[in-house]
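Let me begin by presenting the structure, written as structure tokens, before commenting on it.
The values are calculated or read from the model by the stated rules, or taken from the named source; none is laboratory data. Keep in mind it's a predicted model, so treat the numbers as computed, not measured. Neighbour counts are summed over all protein chains in view; Cβ atoms, including those assigned to glycine, are modelled from backbone coordinates with ideal geometry.
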Amino acid sequence: MLFVESRSAAAGREAWMRRFRVKSAHRDYPVVIGCGAWRALRELPLARYSSLFVLTERVLWKRWGERFLDHSGLDGLRVVFVPGGERSKSLAELERVASALLRGGADRRSLLILFGGGVVGDLGGFVASTFMRGIDCVQVPTTVVAQVDSSVGGKTAVNVGAAKNLVGTFYPPRAVLADPVVLSSLEERVFRSGLYEVVKHAILAGPPLFDELERRIGGLRPDSAPSLERLIAAAVKVKIDVVSRDEREAGGRRVLNLGHTVGHALEAATGYRYFLHGEAVGWGLLAVTRLASRLGWLGGPGDSGRSDGERMARLVERVGPLPPIRHLKPGAVLRLLPRDKKAVGGQVHWVIPERIGKVRIVPDVDRAAVAAVFRELQTR
């Protein structure tokens with residue numbers, strides 16, 4: 001894995017960009033982060049492709065499409081639109097997109113550019129991995145969640161019924177190009193949703209990133225691209241470090257599921273209509289932090305006078321308000337936990353924090369303790 005910081009002239013000024021290289025069994029690929037990152041598309045051997053397609057959402061493309069085309073230098077691009085929202089991650093939408101590509105003249109030498117958030121990236125990556133048994137794709141993430149997490153690592157998927165990401169593939173892109181400027185058009189709630197994933201990465205990374213996030217969390221805004229660039233690069237480096245050691249989720253990559261076991265159950269229990277993904281992860285982080293404290297796996301007060309558990313919970317809370325969960329039936333949520341795709345034989349593999357910078361994977365936890373924690377969260 002290679003990390004490079006580069007400087008280039010862009011739009012009459014010098015722009016700093018962070019470049020990483022992800023090592024993959026299938027192919028190595030670059031991750032470029034920073035203002036002007038879309039220009040890196042010019043460095044790809046585009047002449048090898050018979051046609052270029054972009055998968056995106058209408059509102060997003062209307063706002064940023066012209067800028068993307070200007071920066072990337074692409075022409076002759078054919079656009080396929082998908083509806084926004086988690087419900088687009090379905091087998092029905094997969095079929096519709098594949099049919100649209102076929103009608104547009106796509107073949108085995110076509111390139112599919114995934115311009116959007118996690119839904120577009122997950123769905124589009126799955127389409128690319130299966131269309132005519134696999135065509136190349138480029139991830140151009142446009143949300144915080146996608147830029148720091150879902151666009152990197154090659155995981156693609158759609159949901160089936162109440163099961164999140166049940167059907168999918170491991171299929172690395174040709175490149176990931178993340179420009180924080182696109183975050184300026186995000187609604188405040190969507191922006192905050194992505195920050196919960198940044199909190200997750202900071203817990204995994206340890207004190208340097210966690211401490212920095214604690215200091216800066218109150219000043220992060222969608223339109224602060226220059227200040228976000230460094231934080232996004234630090235967060236995505238956490239993902240790259242983990243993925244480079246365990247590309248296909250054989251073991252160590254499971255730490256990235258921190259907060260997601262409860263989070264996925266919450267999303268499924270509410271039909272993917274109530275929570276944004278990061279909000280569900282935020283509740284999941286609060287749940288496992290409280291669970292770790294209840295089980296005695298989180299240490300006592302640190303130098304700040306607060307325990308790591310208190311600091312983790314406080315950082316989640318400082319991101320912003322989470323949608324209430326008082327109305328949810330605990331039994332309905334808890335019954336969904338064993339359906340998590342990382343469960344084996346119905347046994348949930350929990351990712352439990354021990355301190356900032358260290359987690360453990362626990363094969364199942366006392367159900368009564370989990371239920372008690374969930375009821376406590378409902379009364380917060």
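In this structure, does G121 turn out to be in contact (Cβ under 8 Å) with a residue 60 or more places away in the chain, crowded, with 24+ Cβ neighbours inside 10 Å and not in a strand (DSSP E or B)?
No.
Anything in the stretch 68-88 that is loosely packed, with under 14 Cβ neighbours inside 10 Å and in contact (Cβ under 8 Å) with a residue 40 or more places away in the chain? List them, or say none.
Matches in the stretch 68-88: G85 only.
If I ask for residues that are under 21 Å from A332 (Cα atoms) and not acidic (D, E), which ones from the stretch 352-374 would you list?
As a first pass, look at the stretch 352-374 and keep what is under 21 Å from A332 (Cα atoms): 364-374.
Scanning the stretch 352-374 gives V365, R367, A368, A369, V370, A371, A372, V373, F374.
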- request: Kindly establish whether S151 is polar (S, T, N, Q) and surrounded by fewer than 24 Cβ atoms within 10 Å (Cβ to Cβ).
  value: no
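So, in the stretch 218-229, how many residues would count as being in a helix (DSSP H, G or I) and under 21 Å from G320 (Cα atoms)? Please lay out each step first, then the result.
Within the stretch 218-229, the first condition is being in a helix (DSSP H, G or I), and the residues that meet it are 218-219, 225-229.
So of that shortlist, the ones also under 21 Å from G320 (Cα atoms) come out as 218-219, 225, 227-229.
Counting residues in the stretch 218-229 that are in a helix (DSSP H, G or I) and under 21 Å from G320 (Cα atoms) gives 6.
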- prompt: Is there any pair with a first residue in the stretch 16-40 that is closer than 18 Å to L183 by Cα and in the same structural domain as I113 (by TED's automatic domain parsing) and a second that is modelled with pLDDT of 95 or more and hydroxyl-bearing (S, T, Y) whose Cβ atoms are under 9 Å apart and which are 6 or more apart or on different chains, and what are they?
  reply: V31/S151; W38/S72; R39/S72
- prompt: Restricting attention to the stretch 167-188, and to residues there that are assigned to a strand (DSSP E or B) and not aromatic (F, W, Y), which single residue is nearest to Q139 (Cα to Cα)?
  reply: V176
message: Which residue is modelled with the lowest pLDDT, if the candidates are limited to the stretch 233-251 and must be over 17 Å from P180 (Cβ atoms) and among the basic types (K, R)?
response: R248
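Select, from V262, V255, V236, the only residue that is closer than 15 Å to T143 by Cα and within 17 Å of the chain's Cα centre (by Cα).
Details: V262 fails: closer than 15 Å to T143 by Cα; V255 fails: closer than 15 Å to T143 by Cα.
From the options V262, V255, V236, the qualifying one is V236.
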